[in-house]
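Right, one structure below, let's go through it.
The values are calculated or read from the model by the stated rules, or taken from the named source; none is laboratory data. The structure displayed is predicted, hence computed values, not measured ones. Virtual Cβ from ideal backbone geometry, glycine too; neighbours counted across all protein chains shown.
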Amino acid sequence: MSRDTALVDADWVESHLNDPDIVLVEVDEDTSAYDKGHIAGAVKIDWKEDLQDPIRRDFVNQQQFEALLSERGIGNDDTVVLYGGNNNWFASYAYWYFKLYGHDAVLLLDGGRKKWELDSRELTEEPVTREATAYTAKAPNLAIRAYRDEVVEAIGVKNLVDVRSPDEYAGRLLAPAHLPQESAQRGGHIPTASNVPWSKAANDDGTFKSDDELKTLYAEAGVDFGNKDTIAYCRIGERSAHTWFVLHELLDEPDVKNYDGSWTEYGSLVGVPVAIGDEPGEA
Amino acid sequence: MCGVPVGGLSLEGVDVAKESIIQGVVVSGDSDPVSGAYVRLLDRTGEFTAEVPTSATGQFRFFAAPGDWTLRTLAPRSSPVDQRVTASRGEVAEVVITI
């Protein structure tokens, strides 16, 4: 993967709006945003209703993912272009799902919905219907998903990258600052994790920084890709999917996982070590 | 992320005494509210903490921590505007941003 095969810009999307092999998919945190206007032809995936198991805390399994894509009219041979609000947090999260379930032809719209809006490009309220397909997903690729036990074992061994804001990392905030403070039982971070907020990888308009800027960012934070595998985490795994996209898809680092349990799981575990304050802490 | 980040609406169900709220409205030069602008909350070091789009009535809200913050507002056909604000626990800091 690289920037050329993982990312497209708004001009590219505008010039492919009528391409029958390309399916635009909007994924937002604010799930009502799509209904107030979307890119022409785009279908909606609701990150909470569609991508989470309704009972257990886990995301949709292989069969549920197949049913979702079939119902939305996405075929195995389609090229999927994802975009969304919040600087593509949830679009990146969905991108990670598509890769996890083996859909290789997936791209992210650089800057997502925000850049599209700031450019004053056209959005429509026109409903979109696509003919159902019989989508077949592959078994989940767990080389890109980390679970809690692996994360605990990674302390002091692998690169742990906490991509939340500095105040969340330090334990001064438990959740992003546009939501009431409800979250894990404890504040802080996983000991030895570097704090590289996801936002440092993006420009103000939501587009990704250049490869050179990104490499410098992680190098200066002491993330050693040469000798260690990497696990990224945040609060619920969507901002760290954004960083996973940067590391695995843009910078082509092979051994990077997203820990989607993230702080809401880790910060509520009994008996695991927690570091507070601005320093990574000891293993 | 359970919740739609719109500001300026009811605080019903929120324990204001526990929160350090920053909210306000984005207006254009002639005082019209600007919907669809993006307000970014930057911490005391200038680091991004959160971002919300403004509502149909130009409003936004953040649940911050006590301290000094900067609001950076982006809107179509407009240069970014930075504005300082101080949040305190149990209080609502009201801000009007003119772009």
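Summary table below
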{"item": "Single unsatisfied condition, A:Gly112 versus (1) on the phi > 0 side of the Ramachandran plot; (2) buried (at least 18 other Cβ atoms within 10 Å of the Cβ); (3) more than 13 Å from chain B (Cβ to nearest Cβ)", "result": "(3)"}
{"item": "Entirely in the range B:9-85, the strands (runs of 3 or more DSSP E) that have 3 or more residues that are touching a strand residue (DSSP E or B) at 6+ places or on another chain (Cβ under 9 Å), at the interface with chain A (Cβ under 10 Å from one of its Cβ atoms) and under 21 Å from A:Gly206 (Cα atoms)", "result": "B:38-42, B:48-53, B:59-64, B:67-74"}
{"item": "Unique residue being assigned by TED's automatic domain parsing to the domain that holds A:His189, under 29 Å from A:Glu253 (Cα atoms) and not aliphatic (A, V, I, L, M) when the list is A:Asp110, A:Asp149", "result": "A:Asp149"}
{"item": "Residue in the range A:162-176 that is more than 8 Å from every other protein chain (Cβ to nearest Cβ), among the acidic types (Asp, Glu) and under 17 Å from the mean Cα position of the chain (by Cα) present", "result": "yes"}
{"item": "Set A:Tyr135, A:Tyr97, A:Tyr93, A:Tyr101: member being within 25 Å of A:Ala202 (Cα to Cα), touching an Asp or Glu at 6+ places or on another chain (Cβ under 9 Å) and not acidic (Asp, Glu)", "result": "A:Tyr93"}
{"item": "Residue satisfying all of: in the range A:22-40; surrounded by fewer than 17 Cβ atoms within 10 Å (Cβ to Cβ) and in a loop (DSSP other than H, G, I, E, B); farthest from the other protein chains (Cβ to nearest Cβ) among these", "result": "A:Ala40"}
{"item": "Residue among A:Asp104, A:Asp78, A:Asp35 that is at pLDDT below 95, outside the structural domain of A:Trp198 (by TED's automatic domain parsing) and of a type in the set (Asp, Glu)", "result": "A:Asp35"}
{"item": "Some residue of the range A:123-143 being within 11 Å of chain B (Cβ to nearest Cβ) and part of a loop (DSSP other than H, G, I, E, B)", "result": "yes"}
{"item": "Some residue of the range A:93-103 being touching a residue at least 24 places away in the same chain (Cβ under 8 Å) and among the small types (Gly, Ala, Ser)", "result": "yes"}
{"item": "Condition check for A:Ala154: farther than 16 Å from A:Thr192 by Cα, touching a residue at least 60 places away in the same chain (Cβ under 8 Å) and crowded, with 16+ Cβ neighbours inside 10 Å", "result": "no"}
{"item": "Count of residues meeting criterion [touching a residue at least 12 places away in the same chain (Cβ under 8 Å), more than 21 Å from A:Trp96 (Cβ to Cβ) and not in a loop (DSSP other than H, G, I, E, B)] in the range A:157-181", "result": "3"}
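Yes or no, residue by residue, for (1) of a type in the set (Ser, Thr, Tyr); (2) under 17 Å from A:Glu117 (Cβ atoms); (3) in contact with a Gly (Cβ under 9 Å, 6 or more places away or on another chain); (4) modelled with pLDDT under 90:
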position: B:Val6; (1), (2), (3), (4): no, yes, no, yes
position: B:Leu9; (1), (2), (3), (4): no, no, no, yes
position: B:Gln23; (1), (2), (3), (4): no, no, yes, no
position: B:Asp32; (1), (2), (3), (4): no, no, yes, no
position: B:Ser79; (1), (2), (3), (4): yes, yes, no, no
